[in-house]
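First comes the structure, then the notes that go with it.
The values are calculated or read from the model by the stated rules, or taken from the named source; none is laboratory data. Here the structure is a predicted model, which means the values were calculated and not measured. Using ideal geometry, Cβ is built from the backbone for each residue, glycine included, and neighbour counts are taken over all protein chains shown.
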Amino acid sequence: MGGVLRRVLVKVSGEALGPRGLVAESITTLAGEIRAAADAGSEIGVVLGGGNLLRARDLDLPSVRRPVLDRMGMLATVVNALALAETLQSQGRAAVVLTATSMPGVAEPFRMERARELLSAGSVVLLAGGTGHPFFTTDTAAALRALEIGADALLKATKVDGVYSADPVANPDAVRYDSLGYDDVLRMRLSVMDLTAITLCRENRLPIRVFDMGVPGNLRRVVRGEAVGTLVGGDHVR
């Protein structure tokens, strides 16, 4: 993945905006990292999780059906995207929120052509609301949106420095991989992304870079083509 990546989709967990709720310092730091990567010459799309605000699977609401719980989680991602977009704009970088579900007066609905147009014009595009359908994770939404916008790579921002054979916190003997094939991830059941997301990337030969977002400058290094973290499916870079 040498050279500056022309266009990327960054998948970021909701916890990057605060462990619980929204934390101004965390949002400012994340916005700064994204702005620096955009300044390096890469067009940036972002899919945010919503776990800092709401984890539907942890709610004790037996009377609420799973599809409704999932939609509640999608709304949380919109809140996060709005906060990040405002912060990016305050730092001088144009940012636009597009949502999978129409929300007049809140954000524009997602359209593939509109997202590509905004990216080409230099805006950071925050793609919120998941896929717009229940039963799909934000990992799957990230893979889908990456393909729709024509990204050169899907960047999975995490709290660890790559993909390991086991949880490195629980198992000090866990091995970190520099690179993996899609089938390796599926066969070893490694915690990269969910099965649907990995399968989408494999079928469309979209490389995935897993890296530690907590290290300042890492996102910029990744978009500049540096070998940071773990590369999945790198032999298929377009």
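For this structure, a couple of remarks:
- Test result for L53, more than 23 Å from L154 (Cβ to Cβ), touching a residue at least 60 places away in the same chain (Cβ under 8 Å) and assigned to a loop (DSSP other than H, G, I, E, B): no
- Looking across the stretch 42-67 at every residue that is touching a Leu at 6+ places or on another chain (Cβ under 9 Å) and exposed (fewer than 15 other Cβ atoms within 10 Å of the Cβ), the one that is farthest from G14 (Cα to Cα) is identified as L61.
- Output for the stretch 156-167, where each listed residue is within 12 Å of T230 (Cβ to Cβ) and buried (at least 16 other Cβ atoms within 10 Å of the Cβ): K156, T158, V160, D161, G162, V163, Y164
- Lone qualifier among A83, A76, A37 - being under 20 Å from R7 (Cα atoms) and either part of a helix (DSSP H, G or I) or not aliphatic (A, V, I, L, M) (or both): A37
- Figure legend. Inter-residue proximity from the stretch 137-160: first residues closer than 24 Å to M72 by Cβ, second residues hydroxyl-bearing (S, T, Y) and assigned to a loop (DSSP other than H, G, I, E, B), beta-carbon distance below 7 Å, spacing 6+ or different chains. Indicated pairs: T140/T131; A141/T131; L144/T131.
- Among residues of the stretch 1-28, those that are touching a residue at least 24 places away in the same chain (Cβ under 8 Å) and of a type in the set (S, T, N, Q), counted: 2
- Yes/no for R224 being surrounded by fewer than 23 Cβ atoms within 10 Å (Cβ to Cβ), farther than 15 Å from K156 by Cα and in contact (Cβ under 8 Å) with a residue 40 or more places away in the chain: yes
- Condition broken by G130, with the remaining ones in (1) surrounded by fewer than 22 Cβ atoms within 10 Å (Cβ to Cβ); (2) in contact with a Phe, Trp or Tyr (Cβ under 7 Å, 6 or more places away or on another chain) satisfied: (1)
- Residue list for the stretch 39-67, restricted to those being touching a helix residue (DSSP H, G or I) at 6+ places or on another chain (Cβ under 9 Å) and closer than 14 Å to F135 by Cα: R55, A56, R57, R66
- Any hit, the stretch 191-205, residues being of a type outside the set (A, V, I, L, M, F, W, C), within 30 Å of E117 (Cα to Cα) and surrounded by 23 or more Cβ atoms within 10 Å (Cβ to Cβ): no
- Close pairs (6 angstrom Cβ cut-off, 6 or more residues apart or separate chains): closer than 20 Å to E43 by Cα and among the acidic types (D, E) in the stretch 94-121, surrounded by 18 or more Cβ atoms within 10 Å (Cβ to Cβ) and modelled with pLDDT of 95 or more anywhere: E108/L98
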